[in-house]
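Report on the following structure.
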Amino acid sequence: MLKSIRERNTAVLPADLPIIWNNRLRKTAGYCYNRRIKSSDGSFVRSSRVELSSKIVDNSARLRDTLVHELCHAATWIISEVTGGHGPTWKRWTYRAMEAFPEIPPISRCHNYDIETKYKYKCSGCNYSIGRHSKSLDVERKVCGICCGKFELFVNKKNDKGKPMPSTPRTPNAFALFVKENYGSAKKSKENLKHKDVMKILSEQFAATKISNAIPEERD
């Protein structure tokens, strides 16, 4: 694609412009790094480096769209000699790119991709979920910021074609259901209760419920 862009534009991007994968980019699909290098004669040469996220750019369409987006940044810096982010000069380069490649979708300012993660932490209380590429969330220490519920870990597996195949959620156990139904009332029973204190109250209530259910009913 870089070769095609060079052929279709009167101004030419450097043939050796680095385009590399970066597995540490986890919140953006790509980034264009620009800098000025001082040469031996005292003049400055503009250069760019494009990095693509191996975690987010996971199919050919995303690769195409992200690469065009970032190369427009490179053209803005190297050819137009403008530092403007997503300003007018960058937009003009996107228009030229879309004229050269009419089959691509409109080039937007942001990469709005749904990020597929291997691990998902789901709150047992309100079902709020957090995606992670690694097991980085300590479910024993961290609680849901919305309802203070406990997180459960799910692993998103992939099928033979490499497409995500979420694992089937486990059926909540009796205590998890009890917590979900009674957490709010237990937290309101006293002021300034911490999560561990609420869970202690719920554990005692749940134990008492089990005991009462285990006592056989007396008959006359």
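The values are calculated or read from the model by the stated rules, or taken from the named source; none is laboratory data. Not measured: the values here are computed from a predicted model. All Cβ positions, even for glycine, are placed from backbone atoms using ideal geometry, and neighbour counts span all protein chains on display.
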If you go through GLU99, GLU103, the only one that is within 28 Å of HIS69 (Cβ to Cβ) and either touching a Pro at 6+ places or on another chain (Cβ under 9 Å) or not in a loop (DSSP other than H, G, I, E, B) (or both) is GLU99
Out of the residues in segment 15-73 that are small (Gly, Ala, Ser) and in a helix (DSSP H, G or I), state the one that is surrounded by the fewest Cβ atoms within 10 Å (Cβ to Cβ). SER60
Does VAL82 meet the test of being crowded, with 19+ Cβ neighbours inside 10 Å and assigned to a loop (DSSP other than H, G, I, E, B)? no
Of the residues THR117, THR171, only one is assigned to a loop (DSSP other than H, G, I, E, B), exposed (fewer than 11 other Cβ atoms within 10 Å of the Cβ), modelled with pLDDT under 80 and not acidic (Asp, Glu); which? THR171
Which residue out of GLY131, GLY125 is small (Gly, Ala, Ser) and part of a loop (DSSP other than H, G, I, E, B)? GLY125
Within the set of pairs 6+ apart or on separate chains, which have a first residue in segment 27-51 that is within 30 Å of HIS133 (Cβ to Cβ) and touching a residue at least 24 places away in the same chain (Cβ under 8 Å), a second that is in a loop (DSSP other than H, G, I, E, B) and not aliphatic (A, V, I, L, M), and C-beta atoms under 6 Å apart? ALA29/HIS111; ALA29/TYR113; ARG49/PRO18
Filtered residues of segment 50-96 (kept if in contact with a Cys (Cβ under 6 Å, 6 or more places away or on another chain) and either at pLDDT below 90 or within 23 Å of ASN22 (Cα to Cα) (or both)): VAL50, GLU70, HIS73, ALA74
Members of segment 190-207 that are modelled with pLDDT under 85 and of a type in the set (S, T, N, Q): ASN192
Which members of segment 15-26 meet the condition of being over 20 Å from HIS133 (Cα atoms) and either among the aromatic types (Phe, Trp, Tyr) or outside the structural domain of GLU70 (by TED's automatic domain parsing) (or both)? none
Step by step: first the residues of segment 65-106, then only those that are within 26 Å of ILE37 (Cα to Cα) and basic (Lys, Arg), then the one that is nearest to the chain's Cα centre (by Cα). Which residue is that? LYS91
Condition met for CYS110 (within 28 Å of the chain's Cα centre (by Cα) and free of Cβ contacts under 8 Å to residues at least 12 places away in the same chain): yes
